[in-house]
Amino acid sequence: MNSNQSNQSKSSHRILASHPDTGTLRLVRDSITNLLDIEIDTSPSPEYAFELSIKRPYSLFIFGINMPNLKGPLLYDMLCLVYSKVHDKEPQFPPVIFIGDESDNNKTEELKKDARVKSVLYRPLSIERLISVAKEAMHLQ
């Protein structure tokens, strides 16, 4: 695959990230945009993230575990119910990466049992780890 083909395949990807901490969202957005050249929509509101996911298809979700009003795993479960019905032309349901804190460690074992959960990252985030996991989840080289 030449570099032009690689750029075309990357440009067809889009990521949705939702986390209550805007600093974390900024780090995720800037890292993904600058290092992977992939468009990313972000929202600190999980409710708005749900609305965005209905409006357009995504290649990857990145959600906080503990978000106000609607926890990340519940948001993901809700999307599992409706996403494929709304985006019936999409070949598969997008994988998810959860972002948590060390205190969430006891919740993550259950999350990791779901094959669509590609990773659980803990804050403070490592940019290298975030990029590596995102590339792997979207099958980018």
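Below is a table of values for the structure above.
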quantity	calculated
The chain - charge dipole about Cα centre, Lys and Arg +1 at Cβ, Asp and Glu -1, debye rounded to 20	280 debye
Lysine pair number, Cα distance threshold 20 Å (strictly under), the chain, separation 8 or more or different chains	12
5 angstrom amide H check on residue 17, placed H, neighbours 5+ away	41, 42, 43, 62
Given charges at beta-carbon only (K, R positive; D, E negative), |dipole| of the range 17-77 in Debye	60 debye
Cα-based equivalent ellipsoid, the chain: semi-axes from gyration tensor eigenvalues, Å	22, 18, 14
Extension gain from residue 56 to residue 26, taking 0.36 nm per residue of separation minus the Cα-Cα distance	8.7 nm
For residue 121, residues with placed amide H under 5 Å, excluding near neighbours	98, 99, 100
Residues 87, 19, 139 arranged by fewest to most Cβ contacts within 10 Å	139, 87, 19
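Laboratory data are not the source of any read-out in this text; all were calculated from the coordinates shown. On a predicted model such as this, the values are computed, not experimentally measured, just so you know. Neighbour counts run over all protein chains shown; Cβ positions are idealised from the backbone, glycine included.
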